[in-house]
Each structure stands twice: as structure tokens, then as C-alpha cells.
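What follows is a set of notes on a single structure, which appears directly below.
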Amino acid sequence: MLAAARQAIADATAFDPRDINRNFDYDYEAYQEVKRHLARLIAAGQLRLAMELALELMKQGSRQVEMSDEGLMTEDIEDCLSVVLKSLKTCGLTANEVISWCSAMLANDRVGFIAEESLQSLRTHFKATAAE
């Protein structure tokens, strides 16, 4: 499952360097496959692995957005990340783990706006929880 998820991320975020700064085609179906893999991992109790893959998606996906003209795949990336973000709201991980992951996600976003509001909100929530 892990290899298939990584391959789906690679397929989804691929682009031809000759198309940089253009409105190039991308593999929408591969993004749907990434989301399915992340959801399956979470359902199987592998949230930390899903978080690791989400970070990989952020790195590669934000590069794809950066290289495109209009960043049309931004919503697809956010849709994939939504399953992980939703799970983190009710997970059993420590506040520090979630805060650290949110910070890493934000730091690895090359364009500075992919799921930014959701990540900031989640990080703020867990910071408040940690302070209690």
C-alpha cells in the first residue's frame, strides 16, 4: 500500500519541465488515488504514515503548483490533505506531534497558500490545548 501511495503522489504531481509557467494538464485521477490511499491508511490505524505521505504530497504538489501558470491543482491537493486534517482533529497524538507536523507542512509549502488556513487553525487549536 505504501509503494502504491508514493507512486500515486508521483503520478499526481508530475509535470513536464517544458510546460513550466503554462496551464499544463495534470493527472486528476491520480490525486483521487492519493486521497483514497491516505483514507485507507487512516482507517487502518496508520495516521502517522498518512501524515508522512501528506508531507511528501505538500512538497511535490506545491512544486507542481509553483511551476504551473494558474495552480489549478491546488484544490485537488487540499482535497487529499483534508482526510488527514480531519483525522488529526480527533486523533490520539500529542499536541506537540500535531503542532510539529502542521509547522512542517507550512514550511514545505513552496507557494505559501495550500491548506494554509486549515493548517494554521489546527496548529492554533493544538497550541491552546497544550497550554491548558
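The values are calculated or read from the model by the stated rules, or taken from the named source; none is laboratory data. Please read these numbers as outputs of a predicted model, since none were measured by experiment. Here the Cβ is made from the backbone with ideal geometry for all residues, glycine too, and neighbour counts use every protein chain on show. The protein model used for the area step is the full one, side chains on, heavy atoms only, and it has no ligands, DNA or RNA in it. Shrake-Rupley method; radii C 1.70, N 1.55, O 1.52, S 1.80 Å.
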Quick calc: nm separation of the 7 Å Cα→Cβ label points for Ala104 and Gln32 -> 3.0 nm
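Compute the accessible area per residue over the chain, keeping the other protein chains in place, probe 1.4 Å, unit Å².
That works out to 53 Å² for each residue.
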Roughly how many nanometres apart are two label points built 7 Å out from the Cα toward the Cβ at Ala4 and Ala131? 4.4 nm
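Relative to the present Cα-Cα distance, how much length would full extension add between Lys89 and Asn21 at 0.36 nm per residue of separation?
Details: separation 68, 0.36 × 68 = 24.48 nm, distance 3.61 nm.
Full extension of this stretch gives 20.9 nm more.
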Give the residue from Leu2, Ala12, Met73 lying farthest towards the positive end of the charge dipole for the chain; charges sit on Cβ (+1 for Lys and Arg, -1 for Asp and Glu) and the dipole is referred to the Cα centre. Leu2
Cα convex hull of the chain, projected area averaged across orientations, nm²: 7.3 nm²
For Ser68, distant residues with modelled amide H under 5 Å away: Asn21
Rounded to whole Å, give me the distance from the Cα center of segment 88-115 to that of segment 45-82. 12 Å
Past 18 Å, Cα to Cα, is the threshold; run Lys35/Lys86; Lys35/Lys59; Lys59/Lys127 against it and keep the listed order. Lys59/Lys127
Please check: in the Gaussian network model of the chain (C-alpha springs, under 10 Å), which one of Gly112, Gly61, Gly71 has the largest mean-square fluctuation. Gly112
FRET efficiency (Asp69, Glu117; Cβ distance; R0 25 Å; to 0.05) is 0.60
Relative contact order for the chain: what is it in percent, counting Cα pairs under 8 Å that are at least 6 residues apart? 26 percent
Most fluctuating of Ala43, Ala54, Ala95 in the GNM of the chain (C-alpha, under 10 Å) is Ala43
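Going highest first, how would you order 125-132, 99-106 by mean Cβ packing within 10 Å?
Values: 125-132: 12.2, 99-106: 18.8.
Highest mean packing first, the order is 99-106, 125-132.
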To the nearest 20 debye, what is the magnitude of the charge dipole of segment 1-86 about its Cα centre, counting +1 on the Cβ of each Lys and Arg and -1 on the Cβ of each Asp and Glu? 520 debye
Carbon-plus-sulfur fraction of the accessible area of the chain, 1.4 Å probe, in percent? 47 percent
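Which percent of the Cα-Cα distances in segment 56-129 go past 15 Å? Display every interim value, and only then the final one.
Numbers: 1371 of 2701 pairs.
Distances greater than 15 Å cover 51 percent of the Cα pairs.
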